[in-house]
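The values are calculated or read from the model by the stated rules, or taken from the named source; none is laboratory data. Note that the coordinates shown come from a computational prediction; the quantities given were computed from them, not determined experimentally. When we count neighbours, we look across all protein chains shown, and the Cβ atoms used for this are built from the backbone with ideal geometry, even at glycine.
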Amino acid sequence: MRVYFAVLVLSTVLVTVLTHSTVYPDWGNALRYAAFQVVSVGTSAGFAKADSTVWTASSHIILIFLTLICASSGSTSGGIKIDRFILFWKLVRLKVKRTIHPNIVDTVRIDGRAMNPDHARDAMLFVVFYLVIVSASSLALTVTGVNFLEAFTGSAACMGNVGPGLGAVGSMGNYAGLPGLSKLILCLVMVVGRLEIFVFILPFTRGFWKK
């Protein structure tokens with residue numbers, strides 16, 4: 001929770017600074033719109049009070065990051081979730097440490113407890129699968145004629161069940177103008193994201209039906 005709230009607060013501050021003067025002339029509006037949009041995306045609420053498409057490119061990157069991470073651990077929303085992100089970061093640090101000191105004996109700890117290697121592996125597989133699916137669906141959308149910005153942010157938003165992306169599918173837009181095939185792809189992506197990937201895959205395996 002501490003990391004999750006820190007990410008939301010830091011993102012709000014950064015977006016406020018980045019949109020002040022370039023989009024909003026006064027600090028009050030910059031903070032108000034930034035805070036609302038950041039919390040909305042970071043919790044997958046889907047609400048909007050401003051057109052984030054006209055914000056700076058740096059602000060877009062922050063919103064995309066929040067769209068991918070999405071929510072705190074245990075949440076019913078989609079996204080990678082903050083606990084997997086923390087675990088991913090700690091595994092990267094551990095790998096760097098072991099590269100520098102090959103004989104070191106260390107493990108990843110969450111809240112002071114050693115992490116089961118199998119659980120860590122499952123979390124990493126989820127992150128990789130998640131990003132692969134977002135990338136693959138973005139490619140599929142571009143084939144149907146959707147531009148890259150809308151394809152990628154729309155795929156990420158639907159995978160995380162966030163709602164708005166950027167461009168025509170942004171906070172002041174919707175998905176109505178997309179081709180029919182694109183909508184079907186995004187519907188499938190939404191289901192996969194809501195079921196957290198592996199639950200969706202299970203019925204398509206032979207072992208599942210044998211049980």
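Can you tell me how many residues within the stretch 173-188 are more than 15 Å from Ala156 (Cβ to Cβ), in contact with a Ser or Thr (Cβ under 6 Å, 6 or more places away or on another chain) and in a helix (DSSP H, G or I)? Matching residues across the stretch 173-188 total 1.
Would you pick out the residues in the stretch 141-172 that are crowded, with 18+ Cβ neighbours inside 10 Å and not in a helix (DSSP H, G or I)? Hits for the stretch 141-172 are Val146, Gly160, Asn161, Val162, Gly163, Pro164, Gly165, Leu166, Gly170, Ser171.
Listed by first and then second residue, the pairs linking a residue in the stretch 96-117 that is in contact (Cβ under 8 Å) with a residue 12 or more places away in the chain to a residue that is assigned to a loop (DSSP other than H, G, I, E, B) and among the hydroxyl-bearing types (Ser, Thr, Tyr), with Cβ atoms under 7 Å apart and 6 or more places separating them unless they lie on different chains, are Met115/Thr107. Restricting attention to the stretch 170-189 and to residues that are without any contact (Cβ under 8 Å) to a residue 60 or more places away in the chain and within 16 Å of the chain's Cα centre (by Cα), the residue that is nearest to Leu68 (Cα to Cα) turns out to be Val189. Give me the residue from the stretch 1-27 that is of a type in the set (A, V, I, L, M, F, W, C) and closer than 17 Å to Thr53 by Cα and, out of that set, surrounded by the most Cβ atoms within 10 Å (Cβ to Cβ). The qualifying residue surrounded by the most Cβ atoms within 10 Å (Cβ to Cβ) is Val15. Restricting Tyr24, Tyr4 to residues that are touching a residue at least 60 places away in the same chain (Cβ under 8 Å), touching a helix residue (DSSP H, G or I) at 6+ places or on another chain (Cβ under 8 Å) and of a type in the set (Phe, Trp, Tyr) narrows the list to Tyr4.
Residue count for the stretch 1-50 satisfying the condition of being among the charged types (D, E, K, R), at pLDDT below 90 and farther than 14 Å from Gly163 by Cβ: 1. Yes or no: the stretch 38-50 includes at least one residue that is within 13 Å of the chain's Cα centre (by Cα), hydrophobic (A, V, I, L, M, F, W, C), surrounded by 20 or more Cβ atoms within 10 Å (Cβ to Cβ) and on the phi > 0 side of the Ramachandran plot. Scanning the stretch 38-50, I find no residue that is within 13 Å of the chain's Cα centre (by Cα), hydrophobic (A, V, I, L, M, F, W, C), surrounded by 20 or more Cβ atoms within 10 Å (Cβ to Cβ) and on the phi > 0 side of the Ramachandran plot, so the answer is no. Inspect all residues belonging to the stretch 94-104 and state whether any of them is over 24 Å from Gly173 (Cβ atoms) and crowded, with 19+ Cβ neighbours inside 10 Å. Scanning the stretch 94-104 turns up no residue that is over 24 Å from Gly173 (Cβ atoms) and crowded, with 19+ Cβ neighbours inside 10 Å.
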